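Worksheet for the structure shown next.
The values are calculated or read from the model by the stated rules, or taken from the named source; none is laboratory data. Everything numeric in this text was worked out from a predicted model, so none of it was measured. So basically every Cβ, Gly included, is an ideal-geometry build from the backbone, and we count neighbours across all protein chains shown. Side chains are part of the model used for accessible areas, which takes the heavy atoms of the whole protein and leaves out ligands, DNA and RNA. Shrake-Rupley method; radii C 1.70, N 1.55, O 1.52, S 1.80 Å.
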Amino acid sequence: MPIPLKRLNALRTGRSLAAEVPASEPGRRAFVVIVPQCPTPREQPDAWLYTDRHYQTQPTRVLRSPSFITGFDILRIEHDAKYTYRAWGWDADVAWADATTRAKRVFVAAEDEIEAALAPWLNDVEKLGPPQDDSVLVNCPHPGTPGEYPHLWT
């Protein structure tokens, strides 16, 4: 089943998508996260539009054109179930540094490659949606390089 157009449009405007997937054992949670690779508003402000809709206190940003996207980072993140946004807030470094946290990263260059890259972890693309506050890492899917947290990539 192809990724729904509504979800593709979210990616095309620079937004991430995520879905919870089965974890390897009880007491753990796992997610897949798709992050469009594009310049940040700080790096290239003219690539972004600001809408009248607000998220908390800031205007919503949308990518001016999908042509700014250079590919998609797809991560499968698994961590202890205790690392929820409500309990840990934006303190993702603690969860990334936990020796039991794991991440797998796949980069695809084009939108039409996303579904195949997700296939080992997610069999129902209808589950993809905006990242939720369930996991401190889903909202901060930037584990850095293997040198920063070598345990993640084993």
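Odds and ends about this structure:
- Filter result (aliphatic (A, V, I, L, M) and either farther than 16 Å from Phe72 by Cα or more than 15 Å from the chain's Cα centre (by Cα) (or both)) within region 24-50: Ala30, Ala47, Leu49
- Exactly one residue among Ser24, Ser16 is within 30 Å of Ala99 (Cβ to Cβ) and in contact with a strand residue (DSSP E or B) (Cβ under 6 Å, 6 or more places away or on another chain), and that residue is Ser16.
- Boolean, Asp91 is farther than 19 Å from Leu152 by Cβ, more than 15 Å from the chain's Cα centre (by Cα) and acidic (Asp, Glu): no
- Comparison of Val94, Val106 shows that the only residue that is exposed (fewer than 14 other Cβ atoms within 10 Å of the Cβ) and of a type in the set (A, V, I, L, M, F, W, C) is Val94.
- Some residue of region 25-34 being touching a Pro at 6+ places or on another chain (Cβ under 8 Å) and not in a strand (DSSP E or B): no
- From the options Arg61, Arg86, Arg53, residue that is within 21 Å of Leu8 (Cα to Cα), among the basic types (Lys, Arg) and at pLDDT 75 or above: Arg61
- Scanning region 120-132 for residues that are over 18 Å from Ala23 (Cβ atoms) and open to solvent by 30 Å² or more (accessible area, probe 1.4 Å) gives Glu126, Pro130.
- Selection of first residues in region 3-26 that are over 25 Å from Pro41 (Cβ atoms) and of second residues that are open to solvent by less than 20 Å² (accessible area, probe 1.4 Å) and among the charged types (D, E, K, R), restricted to Cβ pairs under 7 Å at least 6 apart or on distinct chains, gives the following pairs, ordered by first then second residue: Ala23/Glu78; Ser24/Glu78.
- So Leu8, is it outside any strand (DSSP E or B), hydrophobic (A, V, I, L, M, F, W, C), open to solvent by less than 90 Å² (accessible area, probe 1.4 Å) and modelled with pLDDT of 90 or more: yes
- Residue within region 112-132 that is at pLDDT below 95, of a type in the set (Lys, Arg) and under 12 Å from Val33 (Cβ atoms) present: no
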